[in-house]
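Presented below is the structure to which this report refers.
We did not get these values from a lab; they are worked out from the coordinates using the rules stated. Only a predicted model underlies this, so the values are computations on that prediction, with no experimental measurement involved. Virtual Cβ from ideal backbone geometry, glycine too; neighbours counted across all protein chains shown.
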């Protein structure tokens with residue numbers, strides 16, 4: 001792709017790689033000739049499991065605080081405790097070069113993966129990293145349907161524009177509305193999946209196994 005044809009998000013990401021070259025010298029030859037090999041860019045993320053000895057815990061905490069409002073926030077320490085108590089939880093961290101940029105926390109159940117928490121650091125948003133992480137997620141769990149929920153785009157929501165942008169982001173990355181919604185902690189979320197037939201019964205079984213004090217779930221359609 002010619003440099004002057006780069007989409008805004010790709011250009012921002014390229015500039016970030018230039019400012020933080022680390023082990024990304026592979027991109028330099030592409031820039032000299034005005035061509036960017038997007039395949040190489042997509043190979044730039046490093047994936048690690050987050051455990052108690054994770055070296056960038058402070059950065060993880062900062063991303064979590066920035067990404068979630070107080071009513072949705074769960075501390076990384078609590079996510080670690082939950083992960084350690086279950087064989088069906090995975091806690092992944094993502095690096096661009098030496099920079100910790102985001103994380104995923106998820107639950108596996110039967111043929112389904114439920115994304116509990118997904119966040120990318122503010123400085124790394126609109127650079128294509130979120131899309132890359134979602135792509136890597138499908139590679140990590142090729143035999144699973146991936147399910148997540150997002151704040152419902154209700155007309156009365158004070159951050160409606162943000163909710164619509166988030167929904168559009170997931171749609172662009174292959175996640176489709178299931179027609180189902182889940183409500184908890186006084187909030188309503190729309191359920192999206194990575195394609196195929198959504199099994200509501202399996203999803204209900206999955207979330208019913210989430211052991212969080214004081215939480216109850218309500219399911220409905222619109």
**OP:** Report the label-to-label distance for residue 200 and residue 61 in nanometres (one decimal), using points 7 Å from each Cα along the Cα→Cβ vector.
**Re:** 4.2
Original post:
Once you wrap a convex hull around the alpha carbon atoms of segment 45-221, what is its projected area averaged over all directions, in nm²?
Top reply: 10.0
**OP:** Between residue 74 and residue 46, with labels modelled 7 Å along Cα→Cβ, what's the label distance in nm to one decimal, could you check?
**Re:** 2.7
